[in-house]
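Before any comments, here is the structure.
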Amino acid sequence: MAQHDLDRLQDRLRAQRQSFDSIPVIDIGAISQGGDLFQVAKDIRWALTHVGFFYVKNHGVPEVTVQSAFDQARAFFDLPLEQKMDLHISQSDVALRGYIEIFGENTDPTKTKDLKECFDLGPERAALEAPFFGPNQWPAALPAFRKAVYGYHEAAKKLSQGLMRVIALSLDLDPEFFAAKLKNPISIQRLLHYPPQDGQIDESMMGIGAHTDYGCLTILAQDDVGGLQVMNRDGVWVEGPPIPGTFVINIGDLIQRLTNDLYLANLHRVVNSSGRERYSIPFFIDADADAEFAPLATCVGADNPARYEPVICGAHKFSRFRASFPHLAERVA
(Lines give C-alpha, C1' and ligand atoms only; values in the text may rest on other atoms or scores of the structure.)
Protein backbone atom coordinates (compact mmCIF):
# COMPACT_ATOMS: atom_id res chain seq x y z
CA MET A 1 0.00 0.00 0.00
CA ALA A 2 1.51 3.32 -1.07
CA GLN A 3 1.77 5.91 1.67
CA HIS A 4 0.14 8.63 -0.43
CA ASP A 5 -2.97 6.46 -0.71
CA LEU A 6 -3.29 6.35 3.07
CA ASP A 7 -2.52 10.05 3.39
CA ARG A 8 -5.40 10.80 1.01
CA LEU A 9 -7.77 9.12 3.48
CA GLN A 10 -6.52 10.69 6.69
CA ASP A 11 -9.09 13.43 7.18
CA ARG A 12 -10.77 14.54 10.39
CA LEU A 13 -13.78 12.36 9.73
CA ARG A 14 -11.77 9.18 9.41
CA ALA A 15 -12.73 7.87 12.85
CA GLN A 16 -16.40 8.57 12.12
CA ARG A 17 -16.46 6.61 8.86
CA GLN A 18 -17.36 2.96 8.84
CA SER A 19 -15.16 0.60 6.90
CA PHE A 20 -16.73 -1.68 4.28
CA ASP A 21 -16.00 -4.94 2.52
CA SER A 22 -18.52 -4.51 -0.31
CA ILE A 23 -20.15 -1.64 -2.20
CA PRO A 24 -23.85 -1.12 -1.34
CA VAL A 25 -26.63 -1.61 -3.91
CA ILE A 26 -29.40 1.01 -3.87
CA ASP A 27 -32.77 0.71 -5.58
CA ILE A 28 -33.45 4.09 -7.21
CA GLY A 29 -36.70 3.17 -8.92
CA ALA A 30 -38.41 5.97 -7.01
CA ILE A 31 -36.57 8.55 -9.15
CA SER A 32 -38.26 7.52 -12.40
CA GLN A 33 -41.28 5.58 -11.14
CA GLY A 34 -42.34 7.61 -8.11
CA GLY A 35 -41.89 6.52 -4.53
CA ASP A 36 -40.01 7.35 -1.35
CA LEU A 37 -37.17 9.61 -2.48
CA PHE A 38 -36.24 10.31 1.12
CA GLN A 39 -35.39 6.63 1.72
CA VAL A 40 -33.25 6.67 -1.42
CA ALA A 41 -31.59 9.86 -0.16
CA LYS A 42 -30.93 8.24 3.23
CA ASP A 43 -29.29 5.23 1.57
CA ILE A 44 -27.18 7.48 -0.65
CA ARG A 45 -26.09 9.58 2.32
CA TRP A 46 -24.75 6.49 4.09
CA ALA A 47 -22.96 5.28 0.95
CA LEU A 48 -21.34 8.63 0.16
CA THR A 49 -20.31 9.25 3.76
CA HIS A 50 -18.60 5.89 4.22
CA VAL A 51 -17.80 4.46 0.78
CA GLY A 52 -18.04 7.16 -1.89
CA PHE A 53 -19.47 4.49 -4.22
CA PHE A 54 -22.72 2.61 -4.66
CA TYR A 55 -24.49 0.50 -7.27
CA VAL A 56 -27.91 1.54 -8.58
CA LYS A 57 -30.61 -0.83 -9.80
CA ASN A 58 -33.99 0.02 -11.37
CA HIS A 59 -32.25 3.04 -12.90
CA GLY A 60 -34.53 3.35 -15.93
CA VAL A 61 -31.90 3.19 -18.70
CA PRO A 62 -33.01 0.51 -21.21
CA GLU A 63 -30.68 -2.47 -21.50
CA VAL A 64 -30.68 -2.12 -25.28
CA THR A 65 -29.23 1.39 -24.91
CA VAL A 66 -26.40 0.08 -22.76
CA GLN A 67 -25.63 -2.94 -24.94
CA SER A 68 -25.71 -0.92 -28.17
CA ALA A 69 -23.08 1.40 -26.74
CA PHE A 70 -20.91 -1.55 -25.69
CA ASP A 71 -21.27 -3.14 -29.13
CA GLN A 72 -20.06 0.04 -30.81
CA ALA A 73 -17.23 0.47 -28.29
CA ARG A 74 -15.91 -3.01 -29.11
CA ALA A 75 -16.23 -2.31 -32.82
CA PHE A 76 -14.33 0.96 -32.48
CA PHE A 77 -11.42 -0.49 -30.53
CA ASP A 78 -11.19 -3.32 -33.08
CA LEU A 79 -10.41 -0.77 -35.81
CA PRO A 80 -6.82 -0.53 -37.06
CA LEU A 81 -4.70 1.80 -34.95
CA GLU A 82 -4.19 4.13 -37.92
CA GLN A 83 -7.94 4.75 -38.19
CA LYS A 84 -8.26 5.39 -34.47
CA MET A 85 -5.28 7.78 -34.49
CA ASP A 86 -7.01 9.78 -37.25
CA LEU A 87 -9.46 10.77 -34.48
CA HIS A 88 -6.80 11.51 -31.87
CA ILE A 89 -7.88 13.74 -28.99
CA SER A 90 -5.09 16.23 -29.71
CA GLN A 91 -6.89 17.19 -32.94
CA SER A 92 -9.81 18.54 -30.91
CA ASP A 93 -7.60 21.06 -29.06
CA VAL A 94 -9.04 21.86 -25.60
CA ALA A 95 -12.44 20.32 -26.40
CA LEU A 96 -10.83 16.98 -25.49
CA ARG A 97 -12.86 14.79 -27.83
CA GLY A 98 -11.56 11.69 -29.57
CA TYR A 99 -9.19 8.76 -29.28
CA ILE A 100 -6.49 8.27 -26.63
CA GLU A 101 -3.94 5.57 -27.32
CA ILE A 102 -2.50 3.15 -24.75
CA PHE A 103 -0.29 5.10 -22.33
CA GLY A 104 -1.59 8.34 -23.88
CA GLU A 105 -3.23 9.34 -20.58
CA ASN A 106 -1.96 8.45 -17.13
CA THR A 107 -4.09 9.25 -14.09
CA ASP A 108 -1.27 8.69 -11.57
CA PRO A 109 1.69 9.65 -13.78
CA THR A 110 4.32 9.74 -11.03
CA LYS A 111 4.01 6.00 -10.43
CA THR A 112 1.67 4.20 -12.89
CA LYS A 113 1.35 3.76 -16.66
CA ASP A 114 -2.31 3.18 -17.60
CA LEU A 115 -2.78 0.12 -19.81
CA LYS A 116 -5.93 1.32 -21.52
CA GLU A 117 -7.20 3.06 -24.63
CA CYS A 118 -10.13 5.48 -24.66
CA PHE A 119 -12.57 7.39 -26.79
CA ASP A 120 -14.13 10.57 -25.38
CA LEU A 121 -17.14 12.58 -26.51
CA GLY A 122 -19.43 15.18 -24.98
CA PRO A 123 -22.30 17.58 -25.74
CA GLU A 124 -22.31 18.19 -29.47
CA ARG A 125 -21.13 21.63 -30.63
CA ALA A 126 -20.67 23.03 -34.13
CA ALA A 127 -17.29 24.62 -33.35
CA LEU A 128 -14.74 24.89 -30.56
CA GLU A 129 -16.14 27.11 -27.82
CA ALA A 130 -14.01 26.52 -24.71
CA PRO A 131 -12.32 23.70 -22.82
CA PHE A 132 -14.60 20.62 -22.92
CA PHE A 133 -16.98 22.21 -25.47
CA GLY A 134 -16.49 21.55 -29.17
CA PRO A 135 -17.33 19.18 -32.03
CA ASN A 136 -17.21 15.46 -31.41
CA GLN A 137 -15.10 13.29 -33.71
CA TRP A 138 -16.97 10.32 -35.21
CA PRO A 139 -15.52 7.21 -36.90
CA ALA A 140 -16.65 7.16 -40.54
CA ALA A 141 -16.08 3.39 -40.69
CA LEU A 142 -18.83 2.75 -38.12
CA PRO A 143 -22.11 4.26 -39.34
CA ALA A 144 -24.10 3.09 -36.27
CA PHE A 145 -21.55 4.43 -33.79
CA ARG A 146 -22.77 8.00 -33.40
CA LYS A 147 -26.43 7.17 -32.77
CA ALA A 148 -25.69 4.40 -30.26
CA VAL A 149 -22.96 6.13 -28.29
CA TYR A 150 -24.50 9.60 -28.22
CA GLY A 151 -27.84 8.05 -27.32
CA TYR A 152 -26.17 6.51 -24.30
CA HIS A 153 -24.67 9.91 -23.43
CA GLU A 154 -28.11 11.48 -23.37
CA ALA A 155 -29.63 8.65 -21.29
CA ALA A 156 -26.78 8.88 -18.76
CA LYS A 157 -27.17 12.65 -18.60
CA LYS A 158 -30.86 12.29 -17.75
CA LEU A 159 -30.06 9.72 -15.04
CA SER A 160 -27.36 11.98 -13.61
CA GLN A 161 -29.85 14.83 -13.25
CA GLY A 162 -32.17 12.61 -11.19
CA LEU A 163 -29.29 11.40 -9.05
CA MET A 164 -28.11 14.96 -8.38
CA ARG A 165 -31.58 15.88 -7.13
CA VAL A 166 -31.52 13.00 -4.65
CA ILE A 167 -27.96 13.85 -3.57
CA ALA A 168 -29.27 17.35 -2.80
CA LEU A 169 -32.03 15.81 -0.69
CA SER A 170 -29.45 13.64 1.08
CA LEU A 171 -27.76 16.87 2.21
CA ASP A 172 -31.06 18.37 3.44
CA LEU A 173 -31.03 20.79 0.52
CA ASP A 174 -33.77 21.72 -1.92
CA PRO A 175 -33.85 19.01 -4.62
CA GLU A 176 -33.19 21.67 -7.26
CA PHE A 177 -30.08 22.97 -5.47
CA PHE A 178 -27.73 21.77 -8.21
CA ALA A 179 -29.91 22.98 -11.08
CA ALA A 180 -28.30 26.43 -11.00
CA LYS A 181 -24.87 24.81 -11.42
CA LEU A 182 -26.00 22.45 -14.21
CA LYS A 183 -27.52 24.73 -16.84
CA ASN A 184 -24.81 23.92 -19.43
CA PRO A 185 -22.67 21.34 -17.67
CA ILE A 186 -19.38 19.83 -18.69
CA SER A 187 -19.98 16.15 -19.37
CA ILE A 188 -17.73 13.48 -20.82
CA GLN A 189 -18.83 10.12 -22.18
CA ARG A 190 -15.83 7.78 -22.23
CA LEU A 191 -15.43 4.40 -23.88
CA LEU A 192 -12.63 2.33 -22.34
CA HIS A 193 -10.77 -0.78 -23.46
CA TYR A 194 -8.37 -2.55 -21.10
CA PRO A 195 -6.21 -5.19 -22.79
CA PRO A 196 -5.47 -8.33 -20.77
CA GLN A 197 -2.37 -8.07 -18.64
CA ASP A 198 -0.13 -11.10 -18.20
CA GLY A 199 2.46 -11.98 -15.60
CA GLN A 200 3.08 -10.21 -12.32
CA ILE A 201 1.06 -6.99 -12.03
CA ASP A 202 2.30 -4.16 -9.84
CA GLU A 203 1.67 -0.44 -9.48
CA SER A 204 4.10 0.48 -12.26
CA MET A 205 1.55 -0.57 -14.90
CA MET A 206 -2.12 -1.47 -14.55
CA GLY A 207 -5.45 -0.74 -16.25
CA ILE A 208 -5.77 2.63 -14.53
CA GLY A 209 -3.84 3.89 -11.55
CA ALA A 210 -5.29 4.98 -8.22
CA HIS A 211 -7.19 8.25 -8.54
CA THR A 212 -10.26 10.18 -7.53
CA ASP A 213 -12.63 11.60 -10.13
CA TYR A 214 -12.52 15.31 -10.82
CA GLY A 215 -16.08 16.56 -10.96
CA CYS A 216 -19.49 15.87 -9.44
CA LEU A 217 -20.73 12.41 -10.40
CA THR A 218 -19.67 9.34 -12.37
CA ILE A 219 -21.99 6.69 -13.81
CA LEU A 220 -20.08 3.53 -14.76
CA ALA A 221 -21.33 0.68 -16.93
CA GLN A 222 -19.12 -2.42 -16.71
CA ASP A 223 -18.95 -5.53 -18.83
CA ASP A 224 -18.77 -8.93 -17.11
CA VAL A 225 -14.97 -9.04 -16.72
CA GLY A 226 -14.47 -7.02 -13.54
CA GLY A 227 -11.34 -5.28 -12.28
CA LEU A 228 -12.69 -2.20 -10.47
CA GLN A 229 -11.22 -1.76 -6.98
CA VAL A 230 -12.20 0.81 -4.32
CA MET A 231 -10.18 1.61 -1.21
CA ASN A 232 -11.85 1.18 2.19
CA ARG A 233 -11.08 3.05 5.40
CA ASP A 234 -8.50 0.45 6.45
CA GLY A 235 -6.48 1.07 3.28
CA VAL A 236 -7.65 -2.22 1.75
CA TRP A 237 -8.71 -2.47 -1.88
CA VAL A 238 -12.27 -3.82 -2.20
CA GLU A 239 -13.57 -5.34 -5.44
CA GLY A 240 -16.44 -3.68 -7.32
CA PRO A 241 -17.60 -6.71 -9.34
CA PRO A 242 -20.07 -6.40 -12.21
CA ILE A 243 -23.72 -6.84 -11.17
CA PRO A 244 -26.12 -7.32 -14.10
CA GLY A 245 -28.63 -4.52 -14.57
CA THR A 246 -26.76 -2.00 -12.43
CA PHE A 247 -24.45 0.98 -12.77
CA VAL A 248 -21.68 1.89 -10.36
CA ILE A 249 -22.00 5.46 -9.07
CA ASN A 250 -19.33 7.54 -7.39
CA ILE A 251 -18.78 11.19 -6.63
CA GLY A 252 -15.81 13.35 -7.52
CA ASP A 253 -13.68 16.01 -5.89
CA LEU A 254 -16.19 18.84 -6.33
CA ILE A 255 -18.80 17.13 -4.15
CA GLN A 256 -16.22 16.30 -1.50
CA ARG A 257 -15.26 19.99 -1.47
CA LEU A 258 -18.89 21.06 -1.37
CA THR A 259 -19.57 18.84 1.66
CA ASN A 260 -16.32 19.76 3.43
CA ASP A 261 -15.27 16.08 3.46
CA LEU A 262 -18.60 14.78 4.74
CA TYR A 263 -18.96 12.90 1.44
CA LEU A 264 -15.98 10.97 0.12
CA ALA A 265 -14.54 11.09 -3.39
CA ASN A 266 -12.80 7.79 -2.91
CA LEU A 267 -9.67 6.36 -4.45
CA HIS A 268 -10.26 3.67 -7.06
CA ARG A 269 -8.31 1.86 -9.76
CA VAL A 270 -8.67 -0.90 -12.37
CA VAL A 271 -6.57 -4.05 -12.44
CA ASN A 272 -7.47 -6.34 -15.33
CA SER A 273 -5.97 -9.67 -14.29
CA SER A 274 -8.76 -11.68 -15.95
CA GLY A 275 -6.83 -12.67 -19.07
CA ARG A 276 -9.72 -11.19 -21.11
CA GLU A 277 -10.41 -7.90 -22.87
CA ARG A 278 -12.28 -5.53 -20.53
CA TYR A 279 -14.63 -2.76 -21.65
CA SER A 280 -16.37 -0.12 -19.59
CA ILE A 281 -18.32 3.08 -20.20
CA PRO A 282 -18.02 5.82 -17.58
CA PHE A 283 -20.12 8.97 -17.91
CA PHE A 284 -18.86 12.03 -16.01
CA ILE A 285 -21.18 14.90 -15.14
CA ASP A 286 -19.54 17.96 -13.65
CA ALA A 287 -21.16 21.40 -13.66
CA ASP A 288 -21.17 24.61 -15.66
CA ALA A 289 -17.66 25.81 -16.45
CA ASP A 290 -18.13 28.93 -14.30
CA ALA A 291 -19.88 27.19 -11.37
CA GLU A 292 -18.24 27.78 -8.00
CA PHE A 293 -17.82 25.05 -5.42
CA ALA A 294 -17.08 25.91 -1.79
CA PRO A 295 -18.05 24.17 1.46
CA LEU A 296 -21.74 24.40 2.28
CA ALA A 297 -22.61 26.46 5.36
CA THR A 298 -24.42 23.41 6.74
CA CYS A 299 -21.16 21.41 6.53
CA VAL A 300 -19.07 23.99 8.39
CA GLY A 301 -19.07 24.84 12.08
CA ALA A 302 -16.95 26.06 14.96
CA ASP A 303 -15.51 22.58 15.47
CA ASN A 304 -15.45 21.78 11.76
CA PRO A 305 -13.93 24.72 9.84
CA ALA A 306 -13.93 24.95 6.06
CA ARG A 307 -11.07 22.89 4.64
CA TYR A 308 -11.24 24.15 1.05
CA GLU A 309 -11.05 27.46 -0.76
CA PRO A 310 -13.64 28.01 -3.48
CA VAL A 311 -12.81 26.56 -6.91
CA ILE A 312 -14.35 27.11 -10.34
CA CYS A 313 -15.47 23.90 -12.00
CA GLY A 314 -13.96 24.38 -15.47
CA ALA A 315 -10.58 25.59 -14.24
CA HIS A 316 -10.41 22.84 -11.63
CA LYS A 317 -11.19 20.10 -14.14
CA PHE A 318 -8.84 21.45 -16.81
CA SER A 319 -5.96 21.62 -14.33
CA ARG A 320 -6.48 17.92 -13.55
CA PHE A 321 -6.52 17.03 -17.26
CA ARG A 322 -3.31 18.99 -17.88
CA ALA A 323 -1.56 16.65 -15.45
CA SER A 324 -2.72 13.59 -17.43
CA PHE A 325 -2.44 14.61 -21.09
CA PRO A 326 0.99 15.48 -22.54
CA HIS A 327 -0.49 17.63 -25.32
CA LEU A 328 -2.03 19.98 -22.73
CA ALA A 329 1.15 20.54 -20.77
CA GLU A 330 1.65 24.10 -22.07
CA ARG A 331 -2.00 25.13 -22.03
CA VAL A 332 -3.81 27.14 -19.38
CA ALA A 333 -7.51 27.04 -18.58
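The values are calculated or read from the model by the stated rules, or taken from the named source; none is laboratory data. Fair warning: this is a prediction, and the values are worked out from it, not measured in the lab. Every residue, glycine as well, gets a Cβ built from its backbone with ideal geometry; the counts of neighbours run over all protein chains shown. These accessible areas exclude ligands, DNA and RNA; they are computed on the full protein's heavy atoms, side chains included. Shrake-Rupley method; radii C 1.70, N 1.55, O 1.52, S 1.80 Å.
The table for this structure:
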| read-out | value |
| --- | --- |
| Net charge of neighbours whose Cβ lies under 13 Å from the Cβ of Ile208, counting Lys and Arg as +1 and Asp and Glu as -1 | 0 |
| Volume per residue that the Cα convex hull of the range 123-269 spans, once the total is divided by residue count, Å³ | 164 Å³ |
| Dipole of the chain [Lys/Arg +1, Asp/Glu -1 at C-beta], most positive-end residue of Gln83, Asn266, Ala30 | Ala30 |
| Candidate aspartates and glutamates - alpha carbon under 12 Å from Lys157, same-chain residues fewer than 8 apart omitted | Asp286 |
| Debye, to nearest 20: dipole size of the range 173-227, +1 on Lys, Arg Cβ, -1 on Asp, Glu Cβ | 360 debye |
| Cβ-based net charge around Met85, under 14 Å, with every Lys or Arg adding one and every Asp or Glu removing one | -3 |
| GNM top mover of Leu192, Leu296, Leu228 - the chain, alpha-carbon springs below 10 Å | Leu296 |
| Proximal charge balance of Arg97 [Cβ under 10 Å; K/R count +1, D/E count -1] | -2 |
| Cβ-Cβ FRET estimate between Leu81 and Asp303, R0 fixed at 41 Å, reported to 0.05 | 0.15 |
| The range 237-270 and the range 117-134: distance between their alpha carbon centers, rounded to Å | 25 Å |
| Within a Gaussian network of the chain (alpha carbon springs, distance under 10 Å), most fluctuating of Ser187, Ser274, Ser170 | Ser274 |
| Cα-centred dipole magnitude for the range 24-84, charges only on beta-carbon of K, R (+1) and D, E (-1), debye, nearest 20 | 200 debye |
| At 1.567 mPa s and 4 °C, Stokes diffusion of the range 81-177 via Kirkwood alpha-carbon radius, µm² per second | 83 µm²/s |
| Rg and Dmax [Cα atoms of the range 204-254; Å; Rg one decimal, Dmax integer] | 11.8, 33 |
| Max mean-square fluctuation residue, GNM over the chain, Cα-Cα springs under 10 Å, options Arg307, Arg97, Arg74 | Arg307 |
| Label-point separation in nm, Leu142 to Ser274, each point 7 Å along Cα→Cβ | 1.8 nm |
| The range 66-129, dipole about Cα centre (Lys/Arg Cβ +1, Asp/Glu Cβ -1), debye to the nearest 20 | 140 debye |
| Rounded accessible area per residue of the chain, 1.4 Å, Å² | 42 Å² |
| Entries in Lys84/Lys181; Lys116/Lys147; Lys116/Lys317 that, when Cα-Cα distance is taken, lie over 29 Å | Lys84/Lys181 |
| Sulfur and carbon atoms: percent of accessible area, the range 97-224 [1.4 Å] | 53 percent |
